[in-house]
1. Look through ALA279, ALA214 and report the one residue that is over 20 Å from MET380 (Cβ atoms), without any contact (Cβ under 8 Å) to a residue 24 or more places away in the chain and surrounded by fewer than 21 Cβ atoms within 10 Å (Cβ to Cβ).
2. Considering only helices (runs of 4 or more DSSP H) fully contained in the stretch 372-446, which possess at least 1 residues that are surrounded by fewer than 22 Cβ atoms within 10 Å (Cβ to Cβ) and at pLDDT 95 or above?
3. Please tell me if ALA367 is open to solvent by less than 10 Å² (accessible area, probe 1.4 Å), among the hydrophobic types (A, V, I, L, M, F, W, C) and within 28 Å of ASP46 (Cβ to Cβ).
4. Looking at the stretch 271-282, can you tell me whether even one residue there is away from the ligand (no atom under 16 Å from the Cβ) and assigned to a loop (DSSP other than H, G, I, E, B)?
5. Output the residues belonging to the stretch 108-117 that are open to solvent by less than 60 Å² (accessible area, probe 1.4 Å), part of a helix (DSSP H, G or I) and not hydroxyl-bearing (Ser, Thr, Tyr).
6. Looking for something within 25 Å of the chain's Cα centre (by Cα), at pLDDT 90 or above, closer than 21 Å to ALA393 by Cα and basic (Lys, Arg) - is there at least one such residue anywhere in the stretch 26-33?
7. Filter the stretch 305-335 down to the residues that are within 24 Å of GLN178 (Cβ to Cβ), in contact with a helix residue (DSSP H, G or I) (Cβ under 6 Å, 6 or more places away or on another chain) and not in a loop (DSSP other than H, G, I, E, B) and list them by number.
8. Just to be sure before I move on: is ALA271 farther than 30 Å from PRO337 by Cβ and open to solvent by 10 Å² or more (accessible area, probe 1.4 Å) in the structure I sent?
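The values are calculated or read from the model by the stated rules, or taken from the named source; none is laboratory data. This is a predicted model, so every value here is computed, not measured. Positions of Cβ are generated from backbone atoms using ideal geometry, with glycine treated the same way; all protein chains shown enter the neighbour counts. SASA here: full protein model, heavy atoms, side chains in, ligands and nucleic acids out. Shrake-Rupley method; radii C 1.70, N 1.55, O 1.52, S 1.80 Å.
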Amino acid sequence: MCGAGSITPAHSSGSVKAGITVVLTMPLDFVFRQARVAGQEDVLVDIGVRDGRIVEISAEIVTEAPATPVDGRLVAPGFVDTHIHLDKSCIMDRCRCELGTLQEAIATVAAAKRAFTEEDVYVRAQRTLERAILRGTTHMRTHVEVDPRIGLKSFTAIRRLKRDYAWAIDLEICVFPQEGLTNDPGTEALLVAACEAGADLIGGCPYTDTDPHAHIARIFALARRYDVDIDFHLDFDIDPSWMHLDEVCRQTELHRLGGRVAIGHATKLSAVDPDTLKAIACRLADCGVAVTVLPATDLFLMGRQHSHNIPRGVAPAHRLLRHGVTCSLATNNVLNPFTPFGDCSLVRIANLYANTIQAGTPDELAACFDLVTVLPARLMNLDDYGIAVGNPADIVVLDCANRSAAVAELSQPVLGMKRGRISFSRALPVLHRPDNLAAAKSAYGR
Ligand SMILES: [Zn+2]
């Protein structure tokens, strides 16, 4: 276990002490002492930060800069949430659900959405985003619904949020038609307007469209027109007899967009045998389509037609990884009919996935940690993510010594830094033992 005590952030506004004339290394704004970097946990290092970037990593950095003792704890470049819906989070108090099915969730949220205002979306999304920041998330891709009922209200609110919280998190906005595209006149014009107004990428939801293949084709056409990546909601049931995945792979190759296309859910992959899974994984890897698994939602919504022996409906991301598929685990929904739970912790999501999928060895648990850090960074094509010299100083300290312990023990992030500035801190819990242990045992011992 790590050293006892608390993490106390030094103030990065400080600088080299007055009167110090000899500094053995370059001046720093800040230094972390005795850190274990995720993936290289066997060695302790100091991490030096200057002008918002990591400028030095070595066994011992000589500097008078303000120091934060990490005391052997795990340091990561923050969690990366590739799939969340900020715009429809925190609405359980205005929804009534009885069946718990995907169809009911879509219909209930569609009804609630009619009353959304820009300010309402901003306030709820802000609550969810702040929770995610406090759980150590430094990069996020949020899906935002666009259709003629909501117009661009949610998009405008989330774009404001992106700007207002840029000090703590890099937020990507993926606009998408949750209720269909070809069956919903006016939706494509709104997607175009959002792309014109700066949406970072575009998503699709062919399972709610009356013409799924035409839906997929239109999304690819828009992505080409605006030169943006694509992130689909796809294959969101557990019937493996048909898949839209084939069409997404075909279109990805046709448009030469390998490495820029992701699919979320892919729950059908939980229902195929190992040989079929391997063949599909090879196809996904070959054409450069990534997969995001959303265990909280998938566990809640899948298998509702079963009265007992309910299938889990969670795609085995760690097995897809073995065949070269880029994968991530993500939050999806928070406190709404799709997922009436959520603390915005990606460590919890990794733990939930590991428990569900029966991944329990140290290597498997470490892989689950990678599925919420370095692998989603790859999915989002974040080329300057990582604890490395030259990268932005995005640094999160967790109260554990390695990645597998973080997932197994649901370790909390205790300190976060974004681009060289402390963005949050969390005090470690303290056990208050009685002053006189013998007297306490006597008083309460039976
Ligand atoms: Zn989603």
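1. Details: ALA214 fails: without any contact (Cβ under 8 Å) to a residue 24 or more places away in the chain.
Exactly one of ALA279, ALA214 is over 20 Å from MET380 (Cβ atoms), without any contact (Cβ under 8 Å) to a residue 24 or more places away in the chain and surrounded by fewer than 21 Cβ atoms within 10 Å (Cβ to Cβ), namely ALA279.
2. 374-379, 403-409
3. Working: open to solvent by less than 10 Å² (accessible area, probe 1.4 Å): no; among the hydrophobic types (A, V, I, L, M, F, W, C): yes; within 28 Å of ASP46 (Cβ to Cβ): yes.
No, not satisfied.
4. Pass one, the stretch 271-282, residues away from the ligand (no atom under 16 Å from the Cβ): 271-282.
Restricting the remaining residues to those that are assigned to a loop (DSSP other than H, G, I, E, B) gives 272-273.
Within the stretch 271-282, one or more residues are away from the ligand (no atom under 16 Å from the Cβ) and assigned to a loop (DSSP other than H, G, I, E, B).
5. Step one: filter the stretch 108-117 for residues open to solvent by less than 60 Å² (accessible area, probe 1.4 Å), giving 108-110, 112-113, 116.
Narrowing further to those that are part of a helix (DSSP H, G or I): 108-110, 112-113.
Listed by number, the residues that qualify are VAL109, ALA110, ALA112, LYS113.
6. The answer is no; no qualifying residue exists.
7. Within the stretch 305-335, CYS327, SER328, LEU329, ASN332 qualify.
8. Details: farther than 30 Å from PRO337 by Cβ: no; open to solvent by 10 Å² or more (accessible area, probe 1.4 Å): yes.
No: the conditions fail for ALA271.
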